Structures are given as structure tokens and as C-alpha cells.
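Worksheet for the structure shown next.
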Amino acid sequence: MIDRTKELIVVKDLYKSYGKLQVLRGIDQTIFEGEVVSIIGASGSGKSTFLRCLNLLEVPDSGSIVFDGQEITGKKVNIDAYRQRIGMVFQHFNVFPHLKVIDNITVTPCLEKKMDKAKAVSLAEDLLRRVGLYDKRDEYPTKLSGGQKQRLAIVRALAMEPQVILFDEPTSALDPEMVKEVLDVIGELARSGMTILIVTHEMGFAKKVSDRVLFIDEGQIVEQGTPEEVFENTQTERCRDFLNKVLY
Amino acid sequence: MLQIIASIWQKYGYVYIQGAWGTIYIAVLTVLIGTLLGTLLAFLRLTRSRILQAVIRLYVWILRGTPALLQIYFFYFFVPKYLPFEMSERACIMMALVVNASAYVEEIIRAGIQAVDRGQTEAARSLGMTARHTMTHIILPQAIKNILPALGNEFIVMIKEASLASIFFIVEITSAFKTVQSATFITIPALVISGGLYLLLTTVLSFFMKLAERRLQVND
């Protein structure tokens with residue numbers, strides 16, 4: 001399913017610091033269309049910052065990001081148009097509490113894509129059915145469990161029909177018994193051919209669904225490869241240290 | 001005591017009623033215009049302009065750091081001198097109260113907006129929503145729940161602060177007490193009636209505020 005001829009995201013020499021703290025120190029990476037890439041690493045290693053740079057929620061200090069052939073780090077870029085094509089799912093869900101489940105999904109397509117309301121609703125209903133939330137369509141998000149909120153956040157991103165979805169620790173804030181229902185949705189999405197970048201601490205999941213795994217440490221990609229290469233045949237000392245600490 | 005109050009009310013009730021209308025008039029107009037001005041200031045401050053932010057911070061600092069009474073004296077004595085048109089005494093005092101209220105409202109609205117979780121903005125922007133739509137469709141509808149109760153309190157404060165206008169014998173509830181007291185030389189009962197009117201106004205207002213708050217909290 002990976003199209004090696006189509007580079008979707010090309011990152012070159014990305015740097016980012018907060019004050020004196022250097023978070024990203026020269027990241028180079030190419031993501032191909034249809035690829036599922038897991039990003040692993042310790043807290044504070046810069047993996048979330050890297051992900052948030054890709055849709056410019058964080059603005060990098062230097063380096064370039066080319067999305068689908070267009071440089072998006074330039075000054076005159078209409079970033080809103082690009083963000084519509086780059087979905088994102090957050091650790092803390094960030095569903096809109098003042099909108100019903102169905103309106104959480106339709107609000108952005110209607111406003112920004114000028115999508116017909118009826119069309120947006122039917123698209124949203126299809127998505128809700130896909131993740132088993134159809135019966136919640138008229139509830140407010142406060143009535144949902146964490147797992148349900150995260151599934152809602154995923155279909156809210158899908159409703160914009162993005163070319164890639166960025167997952168920023170999507171299961172870290174969930175109760176343990178809700179992790180699987182969210183991972184199942186992400187896994188299904190991965191199999192459907194969606195391009196996915198996921199920052200995660202779920203090593204088993206990363207092993208199972210990823211085409212490629214990146215290990216980030218101190219703002220650099222220290223090791224990368226297929227799940228077998230990274231998990232079974234680890235090359236670097238730093239990655240081995242990290243895996244020894246998290247796998248048991 | 002009750003008898004005295006009843007007889008004062010019988011004879012001078014109209015003075016108090018006039019006073020109550022005066023207070024309502026001052027408070028309603030002050031809150032309305034003060035809220036408009038305060039909202040404008042809050043949005044100007046939320047823009048990224050450093051100069052605007054500094055000017056508004058100075059404005060708020062002065063108005064919140066000095067007594068309202070002092071501000072009323074300032075508008076009463078100085079402002080009319082430099083205006084090209086005539087202004088009534090009441091207009092001068094209301095102008096002072098409006099300016100004073102705008103500083104508090106600015107803080108209320110800015111704080112209400114900033115209290116909405118940053119994640120909401122990030123989620124909306126990550127979907128590709130414009131900054132303007134994010135504000136109007138995602139942030140403000142949530143911020144209003146923080147803003148409205150505080151704005152209601154400001155309304156109550158204004159009803160009471162309007163009493164400062166009595167120093168200049170503008171018709172309102174405290175002036176009504178002064179009028180009755182100087183006509184009858186009866187002090188405490190006359191004062192009690194004024195106090196009762198204030199309580200009536202603020203209680204009715206609190207009741208409607210509670211109602212509004214409860215409606216806003218339906219989906220919490």
C-alpha cells in the first residue's frame with residue numbers, strides 16, 4: 001500500500017528550541033503516501049514537538065517541511081488550507097464540549113469547505129457508524145467516556161478527508177480498559193491505506209501496525225527501520241537502553 | 001418604626017420610585033455601554049499589537065487602581081471644560097461610570113476567553129479552521145459561560161455604584177433618601193426604604209442571572 005514514488009512529507013534539517021532548551025536538533029525525514037510510521041522515545045525527547053511542527057502548531061526555528069510538493073514553512077503560505085489536509089488527534093481529545101457529537105464533526109467541513117449541511121451530516125453519520133458511535137450522535141461530549149471521546153476526535157479529523165493523520169499519544173490519557181477500542185480504530189485506519197504518523201508508548205501496537213519505526217532521542221532521529229529492525233535487531237545503544245526500560 | 005416607614009412611603013413613595021428608575025437607568029446604560037467598550041478593549045488586547053496591549057494595560061491599571069468617586073469628580077469637573085458641546089451633569093457622571101465599568105469588563109472578558117483550554121484552539125486550528133471562525137464558533141461560545149456570571153456581578157456593582165451620583169444630587173435611590181431626609185428630618189426609616197429598594201433590585205437581578213446561568217450549563 002505504500003507508494004514509494006510519492007513523497008507526502010519531506011522534512012529537512014528541522015530545528016526548534018524553547019528559550020535555551022533545544023528540542024529538535026536537525027530532523028530529516030521523508031514520509032511516503034500510505035505509510036504508517038510510529039515515533040517512539042522518552043518523554044521530553046522531542047517526538048511530540050516534531051509531530052506538532054508538521055502542521056505548524058509549533059513553528060520551527062529553521063529547516064523546511066514540504067507537504068505534497070509544497071513548502072509550508074514559507075511566509076506566504078495559507079496554513080489553514082494545508083491543515084485541512086493534515087489531520088491531528090491529541091492526547092487530551094480536545095473535542096468541542098459545547099457542540100453535540102454530530103456538530104463536532106460537521107462544524108469545520110461546513111465552515112471551511114463550504115460543505116452542504118445535509119452532505120456533512122450524512123458523511124458524519126457514516127463515520128460515526130464506522131467507529132460505533134452512531135447512537136451518540138445527539139449527545140454532548142460530556143456524556144462520552146474517554147475512549148468514545150477519542151474515537152469522536154478521530155472521525156472529526158477524518159471528516160476533513162485529510163491525506164495524513166498525526167496522532168499525538170492518542171491513548172496516553174485513557175483508562176486502561178479503553179485503550180484497545182481506540183487502537184482498534186487506528187489499526188483499521190492503518191489497514192485502509194491512510195498515511196499515519198503516531199507518537200505512542202504502546203510498543204506492541206507500534207510493532208504490529210507500523211511500516212516503519214522512528215526512535216527519537218534528544219531531538220534527533222537516532223534509529224529507524226522496520227519494526228523488526230528497531231525492536232529485534234536494535235543498532236544503537238541509546239535505543240536499546242530505552243527499549244529495555246519500556247519493554248517487560 | 002414600621003409605621004413611620006409606611007407613612008414616609010405614603011407621602012414620599014414617588015420620590016423613591018423616581019430614584020429607583022434613576023438607578024436602573026444609570027446602571028442599565030452604564031453596563032450596556034461599558035460592556036460594549038470593555039469587549040472592544042478585550043479584543044484589541046488579544047490582538048498581538050504590543051502598543052495596544054500596553055495602552056490598554058495602562059488604562060485598566062489606572063481605572064482599577066483609583067476610586068470610582070475620584071473618577072467621577074474628574075469627569076464632573078474637567079471633562080466638560082474640554083468638550084466642544086454641552087453635557088448634563090448626569091451624562092458626565094455616567095461617562096465616568098461607563099469608563100470605570102469598561103476596565104472591569106475588559107478584564108472579565110479577556111480572562112473568560114483565556115480560561116478556555118488551549119487545546120480547543122489547537123484542535124480547531126489543526127482541522128484547518130481559520131482564526132476568526134475558531135474564535136466565533138469554538139472559543140466564544142465556551143467563554144460566555146465564564147463571562148456571563150461575572151458580568152452579572154458587574155451589573156450588581158453598578159447598581160450600587162450609581163449611588164455615588166447622589167453626591168451631585170442626580171436622581172437615584174440614595175439621592176431619594178437625602179431628599180426625604182432633608183424634608184422630614186427622619187433619617188433611619190428613610191434610609192431603610194432606600195436599602196430595601198437596593199435589595200429588591202439586586203435580588204431580582206440575581207434571580208435572572210441564576211436562570212441564565214442554569215440555561216447555559218445545560219450541556220456541562
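Computed quantities for the displayed model
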| quantity | calculated |
| --- | --- |
| GNM top mover of A:192, A:17, A:48 - chain A, alpha-carbon springs below 10 Å | A:192 |
| Helix B:50-65 vs. chain B, principal-axis angle (Cα, 0 to 90°, nearest 10) | 30 |
| Within a Gaussian network of chain A (alpha carbon springs, distance under 10 Å), most fluctuating of A:115, A:194, A:88 | A:115 |
| Built amide H within the under 5 Å cut-off of residue A:23, gap 5+ | A:16, A:17, A:18 |
| The range A:140-190 - charge dipole about Cα centre, Lys and Arg +1 at Cβ, Asp and Glu -1, debye rounded to 20 | 220 |
| Simple spin-label estimate for residue B:167 and residue B:191 in nanometres, 7 Å along Cα-Cβ | 1.9 |
| The protein assembly as shown: calculated mean residue ellipticity at 222 nm from DSSP helix runs of at least 4, using -39500 (n - 2.57) | -18000 deg cm²/dmol |
| Residue A:198 long-range amide H proximity, modeled H, under 5 Å | A:37, A:38, A:39, A:167 |
| Charged-residue dipole, Cβ positions (Lys, Arg, Asp, Glu), the protein assembly as shown about Cα centre, Debye nearest 20 | 1500 |
| Averaged over B:128-140, number of beta-carbon atoms from partner chains that fall within 10 Å | 5 |
| 3J(HN,Hα) from dihedral phi, the range B:6-15, Karplus parametrisation 6.51/-1.76/1.60, rounded to Hz, x for glycine, proline | 4, 6, 4, 4, 4, 7, 10, x, 4, 5 |
| Cα centre as origin, Lys/Arg/Asp/Glu Cβ charges: the range B:1-95 dipole, Debye | 440 |
| Dipole axis of the protein assembly as shown (+1 Lys, Arg; -1 Asp, Glu on Cβ), positive-most option in A:106, B:35, A:42 | B:35 |
| Residue among B:135, B:95, B:209 with the largest mean-square fluctuation in a Gaussian network model of chain B, springs linking Cα atoms under 10 Å | B:135 |
| Distance in nm between pseudo-label sites at residue A:208 and residue B:202 (7 Å out along the Cβ direction from Cα) | 6.2 |
| Centroid-to-centroid separation of the range B:190-220 and the range A:50-104 [C-alpha atoms, Å] | 45 |
| Gained length - residue B:153 relative to residue B:36, 0.36 nm times residue gap less alpha-carbon distance | 40.5 nm |
| Reach of residue B:178 by Cα under 21 Å, taken over lysines that are not fewer than 8 positions away in the same chain | B:11, B:160 |
| For the range B:175-190, 3J(HN,Hα) per residue [Karplus equation, 6.51 cos²θ - 1.76 cosθ + 1.60, θ = phi - 60°, Hz, x = Gly/Pro] | 5, 4, 4, 4, 4, 5, 5, 6, 7, 10, 6, 9, 9, 4, x, 4 |
| Probe 1.4 Å - accessible area at residue A:184, Å² to nearest ten | 80 |
| Global form of the range A:1-94, assessed from the alpha-carbon gyration tensor, a/c cut-off 1.5 | rounded |
| The protein assembly as shown: C-alpha gyration tensor shape, a/c 1.5 cut-off, then a/b vs b/c | prolate |
| Cut-off under 5 Å, modelled amide H: who pairs with residue A:88 long-range | A:166 |
| Net charge, residue B:171 excluded, C-beta distance under 12 Å - Lys, Arg +1, Asp, Glu -1 | 0 |
| Pairwise FRET efficiency - residue B:28 versus residue B:78, Cβ, R0 = 30 Å, nearest 0.05 | 0.70 |
| Selected from B:92, B:79, B:116, residue furthest toward positive end of dipole (the range B:55-124; charges at beta carbon) | B:79 |
| Space enclosed by the convex hull of the alpha-carbon atoms of the range B:1-146, per residue, Å³ | 182 |
| DSSP-loop GluC sites (Glu not before Pro) across the range B:59-146, with at most 16 other Cβ within 10 angstrom | B:86 |
| Distance violations [Cα-Cα > 20 Å] among A:100/A:143; A:100/A:149; A:12/A:47; A:6/A:180 | A:6/A:180 |
| J(HN,Hα) series, the range B:191-207, from Karplus relation 6.51 cos²θ - 1.76 cosθ + 1.60, nearest Hz, glycine and proline x | 5, 4, 4, 4, x, x, 5, 4, 4, 4, 4, 5, 5, 4, 5, 4, 4 |
| Extension gain from residue A:118 to residue A:76, taking 0.36 nm per residue of separation minus the Cα-Cα distance | 11.7 nm |
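The values are calculated or read from the model by the stated rules, or taken from the named source; none is laboratory data. Keep in mind it's a predicted model, so treat the numbers as computed, not measured. Cβ sites come from the backbone with ideal geometry, for glycine too, and all protein chains shown count toward neighbours. Surface areas here come from the heavy atoms of the whole protein model, side chains and all, with no ligands, DNA or RNA. Shrake-Rupley method; radii C 1.70, N 1.55, O 1.52, S 1.80 Å.
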